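Novice: One structure is given below, represented as structure tokens, and several questions about it will come after.
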Amino acid sequence: AAGPATGPAAPPPLSPGGPRPRIMLSGGDGTARLSDEQRRILDYARRGGTEITLAVNAEAGVVAPYLIDSDATVIGMGGFGGRDDAPSVAQLDRWLAEGKLRFVLSNAGRRPGPPPSPAQAGRQRWIEGHCTTVDPAAYGGGADTLYRC
């Protein structure tokens, strides 16, 4: 009788205390860990007590650490390149009206590279029309702007 097939062993599953997944982030070191600055922003946004802790109007590389290195509900806006119309401004209106969204982080148009897409610029106009800038001294400041809606 033939024995069981042999082959390479499957890697063990990641445990909560195990190694973090590695992804490539533009300008990052390849890890998906929150920087001290990002952690301060997220800790400040948690005070809002809303279903969505933080929405981030930026490309995926900026959003990834918030998604991977925290248990907070963080919404990435714009998809991989920040150019998708998701969520739409209509969705942002609903979340705000339902009390689900209070804090938005945005870097739209303030980083080197191509100008914001029409969708990203539209979200930025919505943010600036419905939210106020949080004093950076309240959360320790950073390169991006935190808004309270």
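Novice: So how many residues does region 128-148 have that are open to solvent by less than 70 Å² (accessible area, probe 1.4 Å), over 23 Å from PRO87 (Cβ atoms) and of a type in the set (D, E, K, R)?
Specialist: 0
Novice: How many residues does region 26-60 contain that are open to solvent by 30 Å² or more (accessible area, probe 1.4 Å), within 13 Å of PHE103 (Cβ to Cβ) and either at pLDDT below 90 or not in a helix (DSSP H, G or I) (or both)?
Specialist: The total comes to 3.
Novice: For LEU96, all conditions in the list (1) touching a Cys at 6+ places or on another chain (Cβ under 6 Å); (2) outside any helix (DSSP H, G or I); (3) open to solvent by 20 Å² or more (accessible area, probe 1.4 Å) hold save one; what is the number of the exception?
Specialist: LEU96 satisfies every listed condition except (2).
Novice: Six or more apart or on different chains, Cβ under 9 Å: which pairs go from a residue in region 49-69 that's over 20 Å from ARG125 (Cα atoms) to one that's open to solvent by less than 10 Å² (accessible area, probe 1.4 Å) and in a helix (DSSP H, G or I)? Could you list them?
Specialist: Correct list of pairs: THR53/LEU42; THR53/ALA45; THR53/TYR66; TYR66/ILE41; TYR66/LEU42.
Novice: A further question follows. I'm checking my understanding of the structure. Among residues of region 109-127 that are modelled with pLDDT of 90 or more and either open to solvent by less than 90 Å² (accessible area, probe 1.4 Å) or under 18 Å from the mean Cα position of the chain (by Cα) (or both), which one is farthest from LEU54 (Cα to Cα)? Walk me through how you get there before you give the answer.
Specialist: The initial filter retains those residues of region 109-127 that are modelled with pLDDT of 90 or more, namely 122-127.
Those still in the list that are either open to solvent by less than 90 Å² (accessible area, probe 1.4 Å) or under 18 Å from the mean Cα position of the chain (by Cα) (or both) too: 122-124, 126-127.
Working: GLY122: 18, ARG123: 14, GLN124: 15, TRP126: 15, ILE127: 13 Å.
Restricting to residues being modelled with pLDDT of 90 or more and either open to solvent by less than 90 Å² (accessible area, probe 1.4 Å) or under 18 Å from the mean Cα position of the chain (by Cα) (or both), the top hit is GLY122.
Novice: Of the residues in region 72-88, how many are assigned to a loop (DSSP other than H, G, I, E, B) and closer than 10 Å to THR53 by Cα?
Specialist: Of the residues in that region, 2 qualify.
The values are calculated or read from the model by the stated rules, or taken from the named source; none is laboratory data. Predicted model only: the values in this text are computed from it and were never measured. Don't worry about glycine lacking a Cβ; one is built from the backbone with ideal geometry, like all the others, and counts go over all protein chains shown. For the accessible areas, the whole protein counts, side chains as well, though only heavy atoms, and no ligand, DNA or RNA atoms are used. Shrake-Rupley method; radii C 1.70, N 1.55, O 1.52, S 1.80 Å.
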